[in-house]
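Novice: Let me give you the structure first, and then I'll get to my questions.
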Amino acid sequence: MKPHETTELNRREFLRGTSATAMMSLLGGVPILAAESTPPATSYKGETPPVKVGVIGCGTWGREILKTLSTISFGPVVAVCDNYPAFLKRGAALAPNAERYGDYTKLLDNRDVEAVVVATPTHLHKDIVLAALAAGKHVYCEAPLATTVEDARAIAAAARKQLKVNFQPGLQVRSDLQIVKLLEFVRTGVLGTPLKGRSQFHRKMSWRVAAATPEREQAMNWRLHRATSIGLVGELGVHHLDLANWFLNGLPTAVMGVGAISFYKDGRDVFDNVQTLLRYPNGTHYSFEATLGNSFDAEMGVFFGTDCAIMMRERRAWMFKEVDAPLLGWEVYAVKESFYKESGIVLRAGATKQDAQKEARKGEDVVDPKSALQYALENFLINSGNLAAGVKDFAESYGEGSDEDLRAYLQDLAKKRANAADALDGYRATVTAIKANEALIKGEPITFAREWFEVS
Amino acid sequence: MTMKAHVISRTTTAILAMALTTATQAADWIKLASKPGSKVRMEGTSSIHDWYAESAIIRGTFEVEPEFLTDKTLQSVKSLTTRETNPKAEIAIPVRSLKSSSGQKMDEIMQEAMNMKEHRDIVFKVKEMALQGEPDAAGNARFETVGDLTVAGKTQPCKLVVALQRLDGERFKFSGETKLKMTDFGITPPSPNIPGMSRITTGDEVTVKFEWLVGTAAPAK
């Protein structure tokens, strides 16, 4: 017998356990009673109704989205679009049955397409999203929504106006079950008094893409120029800043920071080395730093409170308790891992005590097999399908009715929405990132006006 | 005439008579249509916790004499006070509109258990409705109601008390509740086998509560 076939919990068992425990959290509870007589197990699997998708933008991230969609049974890709033929060809290779378009307006004319994913360069989002919403398509728009507050506001306002379509910004962390459960844990007050948070994106990479012609080179390297990019704090930091808004349960009141082109002096005018600091209400603050010149500690984040610190990295989380923090009880049995003079209590959504202890014996890294992007796209498709079905059921039962009646019905329906960021979350994260980038460029602090965060 | 032919003849006459009655009803009865604000809720149990599923969608019409709108005593509304004639009422609840307390996956399991692919709606068809006691001064009343309930394509008779509430001149609320067994409709109560856990079992009995709003304004298309 191979070692992994012993009674030790192997990876496959763990994965099965994960889906079981995820299922349990869906059911909303843990077993407390055994049934008196247990009937045979039923074989209901349940099936999510498909929503046909068009993907606009087949660059690196667009292709990552296509790959992820190919693993989701209820998100058939029926159309792909890119105005650069080489990218369109590569995108189409990942969705062989999809119609190909060089012009997004033609894709939007395709009545077969029910939902679109917009994965073009950020500064090109607005026109595409507005046209898609006007065409009645559900829209998943990559984050940040835009490079200017005006464009971001136009997108969010249009999305909120369209009652009958689902809009989701690409803040995938908001759909990630691991993070959602972690937030629920944080909301129980486990941090004590929240103090601060910090996060980082460290990677050794130029962020520059090679291209065949100077024009193409310019277009593909939109991230490196201020005219088309809000830089590291915008393109990468937006997810971290959104997490700060979400976990700290508020909006920043001020932002300051420093940035420089420290290493890649190749004609770019976007900083490759930044540190930004945000002030939040109630004496809390948050810092985000990013560099393209060093990869130490990669991507991670920590929230600090008077009772503990919670660290997130590689889609896992740990709790480091203060000695005077109240005893929660369960942590006595929990798996702990050592980090240079510190012992972190492993936090994982839905893990049972038995699973955790088996895992401790195994000592293997365990990560949720589903990526944050997969959670986000699945939930986008589920919410889009449910919204469309709700709109149709309402019209068939009550006629077109008034907008207020429909709105009231849909607001009620939205309470059952699968975890996902909404237009306002996307807008606020984008405004936070845009202003953070502006503060870096100006080299001066910016005080946020409350109305900047309001869509209308 | 043989006995058999005689029976057939009597049956034909009865059918003809019923058809004629229906024709006269249709000519002067009013048709009230479903209105937003309707809701239905199913409540059940399981070995881990109670659950519910609810929907705000009830499709259907209620056909009755026009006096129903104005006569709060209902004395002139024969379909509701005698058993000879009955209002014509049929409601349908799309299975997909039912949202459970346990999220999307359980909704999908519920849809599969109710064989939604072949039977998209839960249907209730009123056969008899008879006033119970007297309506109160506001015209609110209760009715002993008998109908056919169809779930997952299987029909069972269903008896319940329905309350009428006159909301305003134009809208009326019918509400009631009844208990059902999933197995009576050929549905096996979901009992998922989840590794690492004791079996979760769902109770067979389900309580259904509804509030159906109907009104006189333009009916659903």
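The values are calculated or read from the model by the stated rules, or taken from the named source; none is laboratory data. All figures in this text were calculated on a predicted structure; none of them were measured in a lab. Virtual Cβ from ideal backbone geometry, glycine too; neighbours counted across all protein chains shown. SASA here: full protein model, heavy atoms, side chains in, ligands and nucleic acids out. Shrake-Rupley method; radii C 1.70, N 1.55, O 1.52, S 1.80 Å.
Novice: Please identify the longest segment of chain A free of exposed trypsin sites (Lys or Arg not before Pro), where exposed means a DSSP state other than H, G, I, E or B and no more than 11 other Cβ atoms within 10 Å.
Specialist: A:112-203
Novice: Express the accessible area of chain A per residue in Å², computed with a 1.4 Å probe while the remaining protein chains stay in the model.
Specialist: In whole numbers, chain A has 47 Å² accessible per residue.
Novice: Where in the range B:43-92 does accessible area fall by at least 20 Å² between the isolated chain and the complete protein assembly, at a 1.4 Å probe radius?
Specialist: By number: B:47, B:48, B:49, B:56, B:57, B:59.
Novice: Here's another thing I want to ask about it. Of chain A, which part is the longest with no GluC sites (Glu not before Pro) in a loop (DSSP not H, G, I, E, B) and with at most 14 other C-beta atoms within 10 angstrom?
Specialist: Segment A:48-313 is the longest.
Novice: Just report the Cα centroid separation between the range A:184-254 and the range A:107-169, whole Å.
Specialist: First find each Cα centre; the distance between them is then 20 Å.
Novice: What is the interface area between chains A and B, defined as buried accessible area summed over both chains with a 1.4 Å probe, reported in Å² to the nearest 100?
Specialist: Answer for the A-B pair: about 3700 Å² buried.
Novice: Between the alpha-carbon centers of the range B:137-204 and the range A:63-79, tell me the distance in whole angstrom.
Specialist: 39 Å
Novice: By Kyte-Doolittle mean hydropathy of at least 0.0 and Cα axial length of at least 20 Å, which whole DSSP H helices of chain A are selected?
Specialist: Span-like helices, by this rule, are A:11-27, A:372-398, A:423-442.
Novice: Can you sort A:287, A:73 by 1.4 Å-probe accessible area, starting with the largest?
Specialist: Sorted by accessible area, descending: A:73, A:287.
Novice: Right, next: Rank B:131, A:124, A:381 by accessible area, highest first, at a 1.4 Å probe radius?
Specialist: A:124, B:131, A:381
Novice: What do you get for Rg/Rh of the protein assembly as shown when both radii come from the Cα atoms and Rh is the Kirkwood radius?
Specialist: Rg/Rh for the protein assembly as shown comes to 1.05.
Novice: Scattering from the C-alpha atoms of the range B:30-215 alone, worked out with Debye: what is log10 I(q)/I(0) at q = 0.10, 0.11, 0.15 1/Å?
Specialist: Taken in order of the listed q values, log10 I(q)/I(0) reads -0.44, -0.52, -0.87.
Novice: Turning to a different aspect of this structure: Tell me, what is the 1.4 Å probe accessible area of residue B:40, in Å² to the nearest 10?
Specialist: Probe radius 1.4 Å; accessible area of residue B:40 about 10 Å².
Novice: Still on this structure, please answer the following. Working from the alpha-carbon coordinates of the range A:63-121, get Rg over Rh, Rh being the Kirkwood radius.
Specialist: Looking at the range A:63-121, the ratio lands at 0.92.
Novice: May I have the extent of the alpha carbons of the range A:225-271 along their three principal axes, as whole Å values ordered from largest to smallest?
Specialist: 40, 18, 18
Novice: Counting only the heavy atoms of the protein chains, how much of residue A:312 is accessible to a 1.4 Å probe, in Å² to the nearest 10?
Specialist: Answer for residue A:312: close to 20 Å² accessible.
Novice: Carbon and sulfur together cover what percent of the accessible area of the range A:131-193 at a 1.4 Å probe radius?
Specialist: C and S fraction of accessible area: 52 percent.
Novice: Using only the alpha carbons of the range B:43-88, determine the length spanned along each of the three principal axes and report them from longest to shortest in whole angstroms.
Specialist: Projected onto the principal axes, the Cα atoms of the range B:43-88 cover 51, 21, 19 Å.
Novice: Per the 1.4 Å probe, what fraction of the accessible area of the range B:30-215, in percent, lies on carbon and sulfur atoms?
Specialist: Of the solvent-accessible surface of the range B:30-215, carbon and sulfur hold 50 percent.
Novice: Please state, to two decimals, what the Cα-based radius of gyration of the range A:177-361 comes to when divided by 2.2 N^0.38 Å (N = residues).
Specialist: Rg over 2.2 N^0.38 Å, computed on Cα atoms: 1.21.
Novice: What figure, in Å² to the nearest 10, do you get for the accessible area of residue A:77 with a 1.4 Å probe and non-protein molecules left out?
Specialist: It works out to around 20 Å².
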